[in-house]
Amino acid sequence: MLSFIQSSNLKNGVDFLLINENKKITQLKNNEWNNYNFGIFLLGENITLTLKCNRNKKEKEFGHLKIKTSHLWIKHSSSKIDCSQLGYPSNQGPGKGERGRYGRCGGGGYGTKGEENDEQGGEIYGEETLLKQIHFGSGGGDGSAWIQSSGGSGGGIIELIIEQQLINHGSIQSNGGSGSRDGDAGGGGSGGSILIELQCQSQSHSNKLEQTFGTITCIGGNQNKINEGGKGRIAIYGIELSADDILKIDPKPFNRSYK
């Protein structure tokens, strides 16, 4: 596939996306489809494919990455597609973390409840198929003013339509952020949503290409802390996943061979 696109008149960044450079951050369009008919190939090390998303203004922009492509190849473990912390900011979202005793706040909830001893963790919402509803992760709770802590943001949304082959030796992630002062005060944000559709199995001809799912995560911030953010949701369509396929997928995905 690579030899074909490199020897053709196809244009990098338009017809396909090929990144060979190391330590490269590439931002795609937010909340609209990024179409690469001849594939996305992340071949360098420490590559991050993410979004143009303004998180600095008062009304923070949320990150929703939509990609449709023939092939998605991520060569190195250090490279990733990442929409972490691009969901609801602290104290916001349907599953936002609440303030607990002594200023310590709960983690945001989404696919699972946010954590906190005083039951201040955020609630579960949404549905597992991600077809009727697809949500951003919720933010963790802020501490009181005298503690000066803030909760982590929830994860964003990633939607991938892959027509032929997924080879992921890196990671695809939409994780929640950790609160300031870790587990002491600000709650962790919850993971976001990842929806993957493999269309090759539904085509009329038999597709013999091997799929490699690798590491796919929607986990909460403040990992292993008392106010850890809840997990997000992952759904994968177009193939029946084996036990080996899901070893590095967290949370366990909703899976169906048809959408």
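Only the coordinates and a few stated rules stand behind these numbers; no lab work does. Computed from a predicted structure; not experimentally measured. Glycine gets a Cβ as well: all are built from the backbone with ideal geometry, and neighbour counts include every protein chain shown.
Can you list the lysines whose alpha carbon sits under 18 Å from that of Lys132, skipping same-chain ones fewer than 8 residues off?
Once the sequence-local lysines are set aside, what remains near Lys132 is Lys66, Lys259.
With a 10 Å radius around each residue's Cβ, average the other Cβ atoms per peptide and rank 209-219, 20-30, highest first.
With the highest mean Cβ count within 10 Å placed first, the list reads 209-219, 20-30.
Any idea what the dipole of the chain comes to, in debye rounded to 20, about its Cα centre with Lys/Arg Cβ at +1 and Asp/Glu Cβ at -1?
Details: 28 positive and 27 negative charges, 114 e Å.
Around 540 debye, computed over the chain.
In what sequence, highest mean first, do 84-95, 231-242 appear when ranked by Cβ atoms within 10 angstrom? Don't jump to the answer; show the numbers that get you there.
Values: 84-95: 25.5, 231-242: 22.3.
Packing order, densest peptide first, comes out as 84-95, 231-242.
Give the cross-link partners of Lys225 among the aspartates and glutamates, using a straight C-alpha distance below 15 Å as the criterion and excluding same-chain residues fewer than 8 apart.
Partners within reach: Glu115, Glu116, Asp118, Glu119, Asp182, Asp184.
Under 10 Å, Cα contacts only: if you run a Gaussian network model on the chain, which one of Asp82, Asp142, Asp244 comes out with the highest mean-square fluctuation?
Judging by the Gaussian network model, the answer is Asp244.
Determine the calculated [θ] at 222 nm for the chain from helices alone, applying -39500 (n - 2.57) to every DSSP H run no shorter than 4 residues and normalising by the residue count; nearest 500 deg cm²/dmol.
It lands at -500 deg cm²/dmol.
I need the shape label for region 15-57. Rule: rounded when a/c is under 1.5, else prolate if a/b > b/c, else oblate, with a, b, c from the alpha carbon gyration tensor. Kindly include the intermediate steps, with their values, before the conclusion.
On the way: a/c = 4.11, a/b = 1.24, b/c = 3.30.
It is oblate, given that a/c is not under 1.5 and a/b is not larger than b/c.
Using the Cα atoms as the points, what is the convex hull volume per residue of region 206-259 in Å³? Write out the running numbers ahead of the final one.
On the way: hull volume 4.4 nm³, N = 54.
Hull volume normalised by residue count: 81 Å³.
For region 46-102, what's the relative contact order in percent, using C-alpha pairs closer than 8 Å and at least 6 residues apart?
Working: 47 pairs, mean separation 21.8, N = 57.
The normalised contact order for region 46-102 reaches 38 percent.
Picking from Gly238, Ser70, Asn20, whose Cα lies most toward the positive end of the charge dipole for the chain (charges on Cβ: Lys, Arg +1; Asp, Glu -1)?
The listed residue farthest towards the positive side: Asn20.
Which net charge results for the neighbourhood of Ser171, defined as the other residues with beta-carbon distances under 9 angstrom from its beta-carbon, given Lys and Arg at +1 and Asp and Glu at -1? Show your work: numbers first, answer last.
Numbers: positive: Lys80, Lys248; negative: Asp82.
That sum, taken over residues with Cβ under 9 Å, equals +1.
So for each of 155-166, 245-256, 105-116 I average, over its residues, the number of other beta carbons within 10 Å; can you give me the resulting order with the highest mean first? Each step should come with its number before you reach the end.
On the way: 155-166: 23.8, 245-256: 16.7, 105-116: 31.7.
By packing density, highest mean first, the sequence is 105-116, 155-166, 245-256.
Summing +1 for each Lys or Arg and -1 for each Asp or Glu, what net charge is found among the other residues whose Cβ lies under 15 Å from the Cβ of Leu209?
So the surrounding residues net to -2.
Relative contact order for the chain using alpha-carbon pairs under 8 Å, separation at least 6, rounded to a whole percent? Walk me through the numbers before you get to the answer.
On the way: 952 pairs, mean separation 43.5, N = 259.
It comes to 17 percent, rounded to a whole number.
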